[in-house]
Amino acid sequence: MITTDVRAFREALPEGGRLLGLDVGTKTIGAALCDAGWSFASPALLIRRTKFQKDKAVLAELIARQAVRGIVIGLPLNLDGSESPRSQSSRAFAQNMKDLELPILLQDERWSTQAVTRTLLEQDASRAKRAELVDKMAAAYILQGAIDALSMA
């Protein structure tokens, strides 16, 4: 199941469980995890993209090791809420992850990178440090937004 509907995603996970959040970029994939009770999201890892099957194998191993029950993938929308070419790329990525047989939620990520970058700038992080952290922190930001919405669904 791939959905943008938080309620449908929630219904697919009646007993909760750990979730994996992904910020899918052209060069990297930021990954984050949340606790089984859906309280908080934390950055987990940064995957430098190579071939999709290799990237998927890394994610599948993380899913198995962390007993992940669902996946939240950032959906990059335009500011007006319409879809962009990057949205289609994220939808294609989700479609290719479907055979992992976990529910997938496509979560609006319009402000994730900007919010995380602003936070890192406020912390006076160097450019190199920001480059290393921004994608996995964006994944945590996306995942936190999803679990906050799930708690209200």
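The values are calculated or read from the model by the stated rules, or taken from the named source; none is laboratory data. These numbers come from a predicted model, not from an experiment. Positions of Cβ are backbone-derived with ideal geometry, glycine not excepted, and every protein chain shown enters the neighbour counts. With ligands, DNA and RNA removed, areas are computed over all heavy atoms of the protein, side chains included. Shrake-Rupley method; radii C 1.70, N 1.55, O 1.52, S 1.80 Å.
Of all residues in the stretch 68-86, which are open to solvent by less than 80 Å² (accessible area, probe 1.4 Å), under 16 Å from the mean Cα position of the chain (by Cα) and either among the hydrophobic types (A, V, I, L, M, F, W, C) or over 21 Å from LEU19 (Cα atoms) (or both)?
VAL68, ILE71, VAL72, ILE73, LEU75, LEU77
List the number of the failed condition for THR4; all other conditions in (1) closer than 18 Å to ASP99 by Cβ; (2) polar (S, T, N, Q); (3) within 16 Å of the chain's Cα centre (by Cα) hold.
(1)
Tell me which residues, restricted to the stretch 1-13, are over 17 Å from ALA92 (Cα atoms) and open to solvent by 70 Å² or more (accessible area, probe 1.4 Å).
Correct list: ASP5, ARG7, ARG10, GLU11.
For ALA92, state whether it is more than 21 Å from LEU13 (Cβ to Cβ), at pLDDT 90 or above and of a type outside the set (Asp, Glu).
Criteria met by ALA92.
Of all residues in the stretch 33-61, how many are at pLDDT below 90 and acidic (Asp, Glu)?
0
Quick one: what pairs do we get from the stretch 14-41, first residue surrounded by 13 or more Cβ atoms within 10 Å (Cβ to Cβ), second in a strand (DSSP E or B) and acidic (Asp, Glu), C-beta under 6 Å, 6+ apart or different chains?
Within 6 Å, the pairs are GLY30/ASP23.
Among the residues in the stretch 123-130, are any modelled with pLDDT of 85 or more and either surrounded by 13 or more Cβ atoms within 10 Å (Cβ to Cβ) or of a type outside the set (D, E, K, R) (or both)?
no
I'd like to verify a number: residues in the stretch 37-66 that are over 16 Å from the mean Cα position of the chain (by Cα) and closer than 22 Å to SER151 by Cβ, how many?
Count: 1.
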